[in-house]
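The values are calculated or read from the model by the stated rules, or taken from the named source; none is laboratory data. This one's a predicted model, so the numbers in the text were calculated from it and none came from an experiment. For neighbour counting, all protein chains shown are included, and Cβ atoms are generated from backbone atoms with ideal geometry for every residue, glycine included.
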Amino acid sequence: MLVLTRKVTESLKIGEDIELTVLSVEGDQVKIGIKAPKSIEIHRKEIYIAIQEENSNAAVQGIGVLNHLKNFKKD
């Protein structure tokens, strides 16, 4: 992990398209601004993990449905 120190209003760049700016620091909270192309999804980590879990569950259920249909026999 790369660790950098920034002050309020200072930024860092990720590649050519993404810029993170420290907007404020209040107690143990840091407010960060993100400039990135609209094509890049940005989520809080806990939301990202929830999305991945939902996608995984949907895939498993989809396989179950496909297996059921595969075994379905017409009369």
So, of the residues in region 30-57 that are surrounded by 10 or more Cβ atoms within 10 Å (Cβ to Cβ) and among the small types (G, A, S), which turns out to be modelled with the lowest pLDDT? S56
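When you go through V3, V25 one by one, which is the residue that is modelled with pLDDT of 85 or more and surrounded by 10 or more Cβ atoms within 10 Å (Cβ to Cβ)?
Working: V3 fails: surrounded by 10 or more Cβ atoms within 10 Å (Cβ to Cβ).
It is V25.
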